[in-house]
Amino acid sequence: MDSLPAHMRPEHSFQGLILALQRYWADYGCVILQPYDMEVGAGTFHPATTLRALGPKRWNAAYVQPSRRPKDGRYGENPNRLQHYYQFQVILKPSPSDIQELYLKSLAAIGIDSHLHDIRFVEDDWESPTLGAWGLGWECWCDGMEVSQFTYFQQVAGVECAPVAGELTYGLERLAMYVQGVDRVYDLNFNGRDGAERVSYGDVFLQAEQEYSRHNFEYSDADMLFKQFAMAEEACKKYLEAGWKGGSNCKEHLLALPAYDQCIKASHVFNLLDARGVISVTERQSYIMRVRELAKACGEAWVHTEAGGAADGPT
Amino acid sequence: MPDLLLELFSEEIPARMQAKAADDLRRMVTDRLVAEGLVYEGAKAFATPRRLALTVHGIPARQPDLKEERKGPRVGGPAAAIAGFLKATGLASLDQATIQRDPKKGDFYVALIEKPGRGTLDVLADILPVIIRTFPWPKSMRWGERSARPGALQWVRPLHAIVASFGLETEQPDIVNFAVDGIAAGQTTFGHRFMAPVPISVRRFEDYEAKLLDAKVVLDAERRKDAILTDARQLAFAQGYDLVEDPGLLDEVAGLVEWPVVAMGSFEQDFLSIPPEVIRATIRNNMKCFVVSESNTAKLTNKFILTANIEASDGGKAIVAGNERVIRARLSDAKFFYESDLKLKLEDRLPKFDNIVFHEKLGTQAERIRRIERLAAEIAPLVGADVEKAKRAAHLAKADLLTDVVGEFPELQGLMGKYYALAQGEDASVGAASEEHYKPQGPTDRVPSDPVSVAVALADKIDTLVGFWAIDEKPTGSKDPYALRRAALGVIRLIVENKIRLNLIPLVARHIATFVNAQASTDIDRKCIDLLAFFADRLKVQLREQGARYDLVDAVFALESQDDLLTVVRRVEALGRFLDTDDGKNLLAGTKRAANILRIEEKKDGKAYDGMPDVSLYRLVEEKALAKAIGQVKAEASTALAKEDFAGGMSAIAKLRPVVDAFFDRVKVNDDDSKVRENRLKLLNEIRDATRAVADFSKIQD
């Protein structure tokens, strides 16, 4: 890291931090993917995590995932709440026995020295009602700040994980604010340059936060969204049904990924409707259930595909 | 005698589970040892974030040999029975059995089986893996390569190493030879994650604890707590402040570190404009840090105390600075929430409750609030509260549930309502009721005394109870998801401690009728009686916990229309004092005797002797005296009871004692003349009837 020019260093550059993490996990042997090309609420929704966590095959991957939480919009006025932010996601299946050490070395790779800082693993069990998933793990604290989530997946999309995958999720903005020493996310140095060449996080995203906050809370077209939800749900079910091939003894699924895209779509549309305040408390639960049913059916389809391990034995 | 050292080294165990896990480990291992005939001298268990450890000392090296006599078939019994006996006992032939003489039933064979005890090391190798596999973690998980296999080990977080050694202090101990899911027991452990991560070889508890200390691990949670508390107090004191002590937080923090290092940080003075409870909740819940107050005023200062898990290379400067930044960000959030909450009046939040379901069968929160308002207005005059204030207080009491601060810190519900109510200029009693209407939360919580708070607190609890009674969702066994027992106890304490006269039945009946699913009147009556019985049960539990005679509650509730809890309690108290006297005891005995005779005779004759006795049929002077005394006593008692002079009522009744005693001494109830007999039975019924003025004596236990 010492050989890096100043503008590439994680403590000076948001993109430098991302590159350092990518480099670290690439060096470990992970597949470095690009963000999934759909709106998702968290890196976990990427099929490289949700679906690849299922089935017996080895899978080590890392990627940045832009994540959208429409309700967290604050019109660009809150120093650390955003409706769009970046997560860095690592998935290691099966979870290696030195996964905690690997994680701590990744922190060292972005300049967090574990002899200088107080790094802690604090209980935080993870559950995603919409994904039908749960796992046990921790929030990772650095000097009292949560910088990552660390989860051993036990179940995803209603399917038991065998073997178990370890998932690391770094909140990139928060981590960058910490290593750059800034208190307001928009003040982050994005490209690591100074003076006229400097581009801040605010230069890139402030306007987007303002516009999307307006959209999410005031202008999003609820009627259209209700229709989109219904359409995505219907399409998902249609693809799932159409995808089954073969007799009852040797089931195989040929459309798990396209079906899952529609599940992701439904989930995001639900989040938009929720932010818009047009779903009542009682309805809310039933929407979550509906998305979960889709996710479960996709998980079931996935384990009957080649990457889901169907070829490795009878399922 | 030899000692056992066991350590289970894992990834970070949740703080809240550690103490129980240590206790479970000690209990499970020692119970198994005892069950195997291995009585030990002592045991102690420990937990840190990364390990459970157990030392059991003074375990015998071997199990005692077992000698067992097994009785067999009779001598000369069927061949099949003898063959079965030989097989079951492992004897080669009958020559190895002895014959026991039995002149009555005939001689029979006895086998003497000797089972030599096993070495404790082998016993441990059998029992420890089973204990590890069946350990009762509240939540456990699978991990790694082996998690794909059926029957994979489950632990709270991945288990990495096991130390298990057994031996005498003077010798090199043996490793207990077992493995669980590929983890073999050995004598290697590890020190502090960052300060001493290298493997350590340990032999027995004494060197284990000492080597861990050298490797920056304080094994005993109590020692970690002591260290944190002492250092935290000292740091605060050195600056002229006091630590705001918090035992729950101390427990948790001690479960987050193996090597506690305490430091003090500060935040901007500006944040002190936020209510202190909000500052404390922010710093405590999100940061696991302590707050600090001024020594003489107990006001919070802009300091906090953190507990790190490391002696940092810069002496902790970066850690303090980092924590200060996070606290600043958190307090900024809290301040933002608090200030934006203040911008919207509490009543303007209420429409949102139209969309929030309280319970699917009991309607929305908005409907619930309206019911509580109505009930609070009805109760207000009975508790000396201003009706308008009680209505206003009930109207606003739940509004803070929709504020941002309460959304963030649910434990501040009520308290924030008070802050916001006072800030918008509400009457002090109205504001106080936001906080106090939730009280009392349990048997030791404070009971509010401001009449407005009392009215809303009663209305809130009675609405909940009546509602769940209306839809037949009552607590069963250990299941009480809506804390209805606590609500009923709250009502009892509010009424009794504030000395409130309140007839529950009409109040409950009117309220039950306000529920959406209005019900048939017979149904309402039944539910009122049933709810009253629930109050009676709660009252009994409470009296039992106070060491009072709870059977007296039954004796009083058995009387007609006892729905005024304050009167019930006073009557129970008077009755208790009365029954402590000789008069009381004897009268109770006499009344029970009368009741027993009546019960037997009424059953025998198939009719009740409840008419008035005929004066002309009295034969003996004792009968006449008793009849006369009953008449006088009834009149005296009812006069006293009408004035609620329960002690007076009891002493009136006490006058029956000598005449009742004399009656039973001299009068034979079952006279040969059936008319006289019937008249005497009616007189007995009069005794029972007279005592019912104060209580149903038949419900009182001897």
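The values are calculated or read from the model by the stated rules, or taken from the named source; none is laboratory data. This is a predicted model, so every value here is computed, not measured. FYI the Cβ positions are ideal-geometry reconstructions off the backbone, even for glycines, and counts take in every protein chain you see. Calculation scope for accessible area: heavy atoms of the full protein, side chains included, ligands and nucleic acids excluded. Shrake-Rupley method; radii C 1.70, N 1.55, O 1.52, S 1.80 Å.
Results, tabulated for the structure shown:
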quantity	calculated
Number of the condition not met by A:Lys71 [criteria: (1) open to solvent by 30 Å² or more (accessible area, probe 1.4 Å); (2) at the interface with another protein chain (Cβ under 9 Å from one of its Cβ atoms)]	(2)
Answer from B:Leu250, B:Leu256 - the residue that is away from every other protein chain (no Cβ under 14 Å) and closer than 22 Å to A:Glu123 by Cβ	B:Leu250
Breaking point among (1) farther than 29 Å from B:Lys418 by Cβ; (2) crowded, with 19+ Cβ neighbours inside 10 Å, for B:Arg280	(1)
All positions within the range A:65-81 that are assigned to a loop (DSSP other than H, G, I, E, B) and in contact with a strand residue (DSSP E or B) (Cβ under 9 Å, 6 or more places away or on another chain)	A:Arg69, A:Gly73
The one condition in (1) open to solvent by 60 Å² or more (accessible area, probe 1.4 Å); (2) out of contact with any Lys or Arg (no Cβ under 7 Å at 6 or more places or on another chain) that A:Glu39 fails to fulfil	(2)
Qualifying residue in the range A:80-93 (condition: free of Cβ contacts under 8 Å to residues at least 12 places away in the same chain, surrounded by fewer than 24 Cβ atoms within 10 Å (Cβ to Cβ), more than 15 Å from the chain's Cα centre (by Cα) and under 22 Å from A:Gly41 (Cβ atoms))	yes
Unique residue being free of Cβ contacts under 8 Å to residues at least 40 places away in the same chain, of a type in the set (Gly, Ala, Ser) and either loosely packed, with under 14 Cβ neighbours inside 10 Å or more than 14 Å from every other protein chain (Cβ to nearest Cβ) (or both) when the list is B:Gly58, B:Gly84, B:Gly117, B:Gly144	B:Gly84
Of all residues making up the range A:160-172, the number that are open to solvent by 10 Å² or more (accessible area, probe 1.4 Å), within 13 Å of another protein chain (Cβ to nearest Cβ) and not small (Gly, Ala, Ser)	1
Of all residues in the range B:492-551 being open to solvent by 70 Å² or more (accessible area, probe 1.4 Å) and hydrophobic (A, V, I, L, M, F, W, C), the one that is modelled with the highest pLDDT	B:Ile529
Of all residues in the range B:660-673 being touching a Gly at 6+ places or on another chain (Cβ under 9 Å) and among the hydrophobic types (A, V, I, L, M, F, W, C), the one that is surrounded by the fewest Cβ atoms within 10 Å (Cβ to Cβ)	B:Phe664
Residue satisfying condition, being surrounded by fewer than 16 Cβ atoms within 10 Å (Cβ to Cβ), more than 14 Å from every other protein chain (Cβ to nearest Cβ) and in contact with a His (Cβ under 6 Å, 6 or more places away or on another chain), within set A:Arg193, A:Arg214	A:Arg193
Residues of the range A:136-159 satisfying the condition of being over 18 Å from B:Trp143 (Cβ atoms), at the interface with chain B (Cβ under 8 Å from one of its Cβ atoms), touching a strand residue (DSSP E or B) at 6+ places or on another chain (Cβ under 8 Å) and of a type in the set (A, V, I, L, M, F, W, C)	A:Cys142
Candidate set: the range B:144-183, residues that are under 30 Å from A:Thr151 (Cα atoms) and of a type in the set (Phe, Trp, Tyr); chosen: the one nearest to the chain's Cα centre (by Cα)	B:Trp155
Matching residues in the range A:115-131 - criterion: being open to solvent by 10 Å² or more (accessible area, probe 1.4 Å) and part of a loop (DSSP other than H, G, I, E, B)	A:His115, A:Leu116, A:His117, A:Asp124, A:Asp125, A:Pro129, A:Thr130
Condition check for A:Glu146: of a type in the set (Asp, Glu), farther than 24 Å from A:Leu257 by Cα and part of a loop (DSSP other than H, G, I, E, B)	no
Any hit, the range B:90-112, residues being within 14 Å of chain A (Cβ to nearest Cβ) and touching a Ser or Thr at 6+ places or on another chain (Cβ under 8 Å)	no
From B:Gly119, B:Gly77, residue being among the small types (Gly, Ala, Ser) and under 30 Å from B:Ala164 (Cα atoms)	B:Gly119
Selection within the range B:625-641 - touching a residue at least 40 places away in the same chain (Cβ under 8 Å) and touching a Lys or Arg at 6+ places or on another chain (Cβ under 7 Å)	B:Val633
Those strands (runs of 3 or more DSSP E) lying entirely in the range B:280-370 with at least 2 residues within 9 Å of chain A (Cβ to nearest Cβ) and within 36 Å of the chain's Cα centre (by Cα)	B:300-308
Any hit, the range B:147-168, residues being more than 14 Å from chain A (Cβ to nearest Cβ), open to solvent by 40 Å² or more (accessible area, probe 1.4 Å) and out of contact with any Gly (no Cβ under 8 Å at 6 or more places or on another chain)	yes
Inter-residue pairs, beta-carbon under 6 Å, first touching a residue at least 40 places away in the same chain (Cβ under 8 Å) and in the range B:1-21, second in a helix (DSSP H, G or I) and open to solvent by 10 Å² or more (accessible area, probe 1.4 Å), 6+ apart	B:Leu5/B:Phe205; B:Ala15/B:Glu252
Close pairs (7 angstrom Cβ cut-off, 6 or more residues apart or separate chains): closer than 13 Å to A:Met289 by Cβ in the range A:118-132, part of a loop (DSSP other than H, G, I, E, B) anywhere	A:Leu131/A:Ala157; A:Gly132/A:Ala157; A:Gly132/A:Gly158
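Yes/no per residue for (1) assigned by TED's automatic domain parsing to the domain that holds A:Ala297; (2) in contact with a Lys or Arg (Cβ under 7 Å, 6 or more places away or on another chain); (3) over 20 Å from A:Lys296 (Cβ atoms):
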| position | (1), (2), (3) |
| --- | --- |
| A:Trp141 | no, yes, yes |
| A:Glu160 | no, no, no |
| A:Ala176 | no, no, yes |
| A:Asp187 | no, no, yes |
| A:Val204 | no, no, yes |
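Conditions (1) in a helix (DSSP H, G or I); (2) under 30 Å from A:Trp59 (Cβ atoms); (3) in contact (Cβ under 8 Å) with a residue 40 or more places away in the chain; (4) in contact with a helix residue (DSSP H, G or I) (Cβ under 8 Å, 6 or more places away or on another chain), marked per residue:
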| residue | (1), (2), (3), (4) |
| --- | --- |
| A:Thr169 | no, yes, yes, yes |
| A:Ala176 | yes, yes, yes, yes |
| A:Val179 | yes, yes, yes, yes |
| A:Gly192 | no, no, yes, yes |
| A:Val204 | yes, no, no, no |
| A:Ser213 | yes, no, yes, no |
| A:Phe217 | yes, no, yes, yes |
| A:Phe226 | yes, no, yes, yes |
| A:Ala232 | yes, yes, no, yes |
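Listed here are the residues, each with its yes/no results for (1) crowded, with 24+ Cβ neighbours inside 10 Å; (2) in a loop (DSSP other than H, G, I, E, B); (3) modelled with pLDDT under 95.
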| residue | (1), (2), (3) |
| --- | --- |
| B:Glu388 | no, no, no |
| B:Ala393 | yes, no, no |
| B:Leu401 | no, no, yes |
| B:Gly407 | no, no, yes |
| B:Glu411 | no, no, yes |
